[in-house]
Amino acid sequence: MKLQALLISVCLAASACGGGAPLTDQSSTYGPKPVLPPPQTGGLVPTIKVAEAVGWPEGAAPTAPAGFTVTRFASGLSHPRWMKLLPNGDILVAEAATTRSRGGLTAAARNAIQERAGAIEDEGGNRIVLLRDGDGDGDVDEKHVLITGLNQPFGMELIGAHLYIANTDAVYRYPYEENATRISGQGERILSLPYNEGANGHWTRDLLAKPDGSKLYVSVGSVSNIPENEDAFPLETRRANILEFNPDGTGERVFAAGLRNPNGLAWEPVSGALWVAVNERDGLGDDLVPDYMTSVRDGAFYGWPYSYFGQHLDPRVEPQNPELVSRALAPDYALGAHTASLGLAFYTANRFPEHYRGGVFIGQHGSWNRSELVGYKVIFVPFANGAPNGAHEDFLTGFLNDRGEAQGRPVGVAVDRTGALLVADDVGGIIWRVARAS
C-alpha cells in the first residue's frame, strides 16, 4: 500500500507515466472508430485527480441547449444514482453511496445542500425514494421513502405485481401494488450476485426486463481494473458480464461477457437490440481506453481483461487467452477515455425537437484518474435505423464550475411521462429536469 501511494503521488501527468501530452478535447476518443494511442506501460498507476465536490449554489443549475429549460425536479436526496419510471408516472430513485462519494463532498457543502433542499427522512441513503408528479406539471407533489435497509441499490424493474431491486450483492423481489408509497419487509432474495466484502470493486448493478417480462438482465462489473496474474482470475467469477435469468431467479446464464463495468441497460427502440454503457480499464494513459456504448449480442465476448476495443491486447494481463481474443467484438461507439459513462436512455417521447427522437442520452459521471478532467456532463448521440448516426453533442453541462470543482456529477438519465429528461446528480443530491421551453 505504501508503494502504491508513492506511485500515485509521483504519477501526476501522462508524461510521468511514460507518454506524451494528453488530448484535452478528447474528440478523437469518441465515435465508431476512435483513435487509440499506444498503451503507456511501466508499472505506474494513474493519477488520482477528481474534481472536489462542492455542491450547487442556491439558484444555480446546469446549462442545456437553447430552447430548453432546466429545473430542480427533486432536491435533498442522498446520492441519487438511478431512476425508474413506473407505468403510473411515478419515478423511483435509488440512493446509494460509495466511500469515494461520501468523502468527496465536504461536510459544510453537504449540510448546506440539506438545509436548502429540506431533505426527507433518513439522509443515509441505501433506499428507494418515490417521486410523484400527479398533475404532470414538472413539479414533484409527493416524496415517499418506498423501501429502506438496502445494500447499495441501483437497478430497478417492474414485472406485473413484483418490483425487482438490484443491490450490489443480490437481486430482491417485492410485492407491488399500483400507487403504493411504502413497501415493508425484507423482500425475497431471488439471485445472489458476486460480492467481495471490503473490496467489491465495481458495485453498481443495473437491471432490465425483456419487453415481454420473460427474462431479466443484470449487469455485474469487475472487482479489479484487470487481473494481472493467474491468482486474481477466480475473484472475477460471474463478473464483467451481463447475466440473464428468469423472473423467479432460476435459469441464470451469461448473456454477454468481457464487459469491464457495464451499467446503463436499455432497449433500442427501432432494432429492439439490447444496448449498454461500459466503463473501460485504467492505467494505460490519459486517452486509453475509451469508455463505450454498444449493442449487445447474445453469447458475445467484448475483450476484458485480455484485450480492449476489439482485439487490442492489454500487455499487463497474464496469462493471455488467444482463443477468446480472436472472437472479441469491437464496441459500436466510443464515449471518451475515463469519462465514466454510466447512464443511458433512448429518447422515445415526442416533446423534444425531431433531431433528438430515437437518439440516446448518456450521463458521464466524470474522470477521477486523468491529468485533465473529462466527462462531468450529459451528452447526446443521434441514431438512425437502430445505430449511431453522427457525432456526440454536449447536452447538459456546467457540472464543473470555473475553478474545476464539481457542483454536481450526473449518473442515471431517464425520460418522464411528459417527455422531459431527468438526470440524477449524486453530488448535488438533485434530480434535474430538462424540458422543452414553452
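Things worth noting here:
- Qualifying residues in segment 376-402 (those that are open to solvent by less than 30 Å² (accessible area, probe 1.4 Å) and among the aliphatic types (A, V, I, L, M)) - the one nearest to Y356 (Cα to Cα): V381
- Residue count for segment 161-193 satisfying the condition of being β-branched (V, I, T) and in a loop (DSSP other than H, G, I, E, B): 3.
- Any hit, segment 339-347, residues being in contact with a Lys or Arg (Cβ under 7 Å, 6 or more places away or on another chain), more than 22 Å from P227 (Cα to Cα) and either touching a residue at least 24 places away in the same chain (Cβ under 8 Å) or not in a loop (DSSP other than H, G, I, E, B) (or both): yes
- Single condition M156 does not satisfy, out of (1) open to solvent by less than 60 Å² (accessible area, probe 1.4 Å); (2) within 30 Å of P319 (Cα to Cα); (3) under 22 Å from the mean Cα position of the chain (by Cα): (2)
- Which numbered condition L208 misses (of (1) in a loop (DSSP other than H, G, I, E, B); (2) of a type in the set (A, V, I, L, M); (3) within 18 Å of R297 (Cβ to Cβ); (4) open to solvent by 10 Å² or more (accessible area, probe 1.4 Å)): (1)
- Pick from segment 57-98, criterion on the phi > 0 side of the Ramachandran plot and out of contact with any Gly (no Cβ under 9 Å at 6 or more places or on another chain), ranking: most open to solvent (accessible area, probe 1.4 Å): G59
- Consider segment 243-262 and keep the residues that are in contact with a Gly (Cβ under 9 Å, 6 or more places away or on another chain) and in a loop (DSSP other than H, G, I, E, B). The one that is surrounded by the fewest Cβ atoms within 10 Å (Cβ to Cβ) is P247.
- The set of residues in segment 263-307 being open to solvent by 10 Å² or more (accessible area, probe 1.4 Å), over 23 Å from V411 (Cα atoms) and hydroxyl-bearing (S, T, Y) consists of S271, Y306.
- L274 being closer than 22 Å to I159 by Cα and at pLDDT 95 or above: yes
- Residue match in segment 223-233 (condition: in contact with a strand residue (DSSP E or B) (Cβ under 9 Å, 6 or more places away or on another chain), surrounded by fewer than 12 Cβ atoms within 10 Å (Cβ to Cβ), modelled with pLDDT under 95 and of a type outside the set (D, E, K, R)): no
- Selected residue (criterion: nearest to K377 (Cα to Cα)) from residues of segment 403-438 that are in contact with an Asp or Glu (Cβ under 7 Å, 6 or more places away or on another chain) and either open to solvent by 20 Å² or more (accessible area, probe 1.4 Å) or in a loop (DSSP other than H, G, I, E, B) (or both): R409
- Contacts under 8 angstrom Cβ, first residue in segment 350-367 being over 11 Å from F383 (Cα atoms) and open to solvent by 10 Å² or more (accessible area, probe 1.4 Å), partner part of a strand (DSSP E or B) and among the aliphatic types (A, V, I, L, M), 6 or more apart: R351/A435; H365/L342; H365/V411
- Within segment 163-198, being under 15 Å from V220 (Cβ atoms) and open to solvent by 50 Å² or more (accessible area, probe 1.4 Å) holds for S192, Y195.
- Identity of the residue in segment 17-52, closer than 25 Å to P388 by Cβ, at pLDDT 75 or above and not polar (S, T, N, Q), that ends up most open to solvent (accessible area, probe 1.4 Å): K33
- Verdict on G336 being closer than 29 Å to Y376 by Cβ, at pLDDT below 95 and out of contact with any His (no Cβ under 7 Å at 6 or more places or on another chain): no
- Of the candidates A384, A437, A420, A424, the single residue that is of a type in the set (G, A, S), closer than 28 Å to S28 by Cα, out of contact with any Leu (no Cβ under 7 Å at 6 or more places or on another chain) and in contact (Cβ under 8 Å) with a residue 60 or more places away in the chain is A424.
The values are calculated or read from the model by the stated rules, or taken from the named source; none is laboratory data. Note that the structure is a prediction, hence the values are computed from the model and not measured. Counting neighbours? That spans all protein chains shown, and the Cβs are built from the backbone with ideal geometry, glycine included. Only protein heavy atoms, including side chains, enter the accessible area calculation; ligands, DNA and RNA are left aside. Shrake-Rupley method; radii C 1.70, N 1.55, O 1.52, S 1.80 Å.
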